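Engineer: Below you will find the structure I want to go over with you.
Rule-based calculations on the coordinates, nothing more; no lab input. Remember, predicted model here, so these are calculated numbers, not experimental data. Heads up, the Cβs are rebuilt from the backbone with ideal geometry, glycines too, and the neighbour counts pull from every protein chain shown.
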């Protein structure tokens, strides 16, 4: 799928219809939305979700239930990975060299261990 086709498809994810378990060693897991599942499959982004899941076990992520993870292309093969919380505090920011990723930017939201795209609404969901 071309980068343009991926971007167009991402716009179609509006409501979470399904949640999928995404597991990591030692029984840690996240629930991922249809849109994030699409990103995993189409963009080969398991490494991204593995990182997000692993970071949930570490401070300050373990005390920030709402996180906004952004991957943005800075140059030909240089990327910026950044995570902020709901107060816009930067939890982590790092440069990633030599990354192959099909689209120029992606934001994923972690909300009480449910991982979704910004466009995806969670029906009948109340935050704790």
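Engineer: If you average the alpha carbon positions of the range 1-54 and of the range 60-97, how far apart do those two centres end up, in angstrom?
Structural biologist: Value for the Cα centre distance between the two parts: 17 Å.
Engineer: Given springs between every Cα pair under 10 Å in a Gaussian network model of the chain, which of 19, 40, 99 has the largest fluctuation?
Structural biologist: Between 19, 40, 99, it is 99 that shows the largest mean-square fluctuation.
Engineer: Assuming R0 = 41 Å, can you tell me the calculated FRET efficiency for the pair residue 17 and residue 77, based on Cβ-Cβ distance, to the nearest 0.05?
Structural biologist: 0.70
Engineer: Hey, what did the chain get for relative contact order, percent, Cα under 8 Å, at least 6 apart?
Structural biologist: Result for the chain is 28 percent.
Engineer: Using Cα-only point scatterers and the Debye equation, what is log10 of I(q)/I(0) for the range 3-116 at each q in 0.22 Å⁻¹, rounded to two decimals?
Structural biologist: Each listed q corresponds, in turn, to -1.40.
Engineer: Provide 69, 47 in ascending order of the number of other Cβ atoms located within 10 Å of each residue's Cβ, fewest first.
Structural biologist: Going from least to most buried by this count: 47, 69.
Engineer: Springs between alpha-carbon pairs under 10 angstrom, Gaussian network model over the chain: which of 110, 39, 78 fluctuates most?
Structural biologist: Of 110, 39, 78, the Gaussian network model singles out 78 as fluctuating most.
Engineer: Which residue, 116, 94, 80, has the most motion in a Gaussian network model of the chain that connects Cα atoms within less than 10 Å?
Structural biologist: Maximum among the listed residues: 94.
Engineer: Using the number of other C-beta atoms within 10 angstrom as an exposure proxy, rank 16, 6, 66 with the fewest first.
Structural biologist: Ordered by Cβ neighbours within 10 Å, fewest first: 66, 6, 16.
Engineer: Further question: As an exercise, use a Förster radius of 25 Å and the Cβ-Cβ distance of residue 62 and residue 107 to find the FRET efficiency, rounded to the nearest 0.05.
Structural biologist: 0.75
Engineer: When 33, 76 are ordered from fewest to most other Cβ atoms inside 10 Å of their Cβ, what list results?
Structural biologist: Listing 33, 76 from fewest to most nearby Cβ atoms yields 76, 33.
Engineer: I need the calculated FRET efficiency for the pair residue 42 and residue 95, taking r as the beta carbon distance and R₀ as 25 Å, to the nearest 0.05.
Structural biologist: Plugging the Cβ-Cβ distance into 1/(1 + (r/R0)^6) gives 0.55.
Engineer: Cα extents of the range 23-81 along the three principal axes, largest first, in whole Å?
Structural biologist: 36, 25, 19
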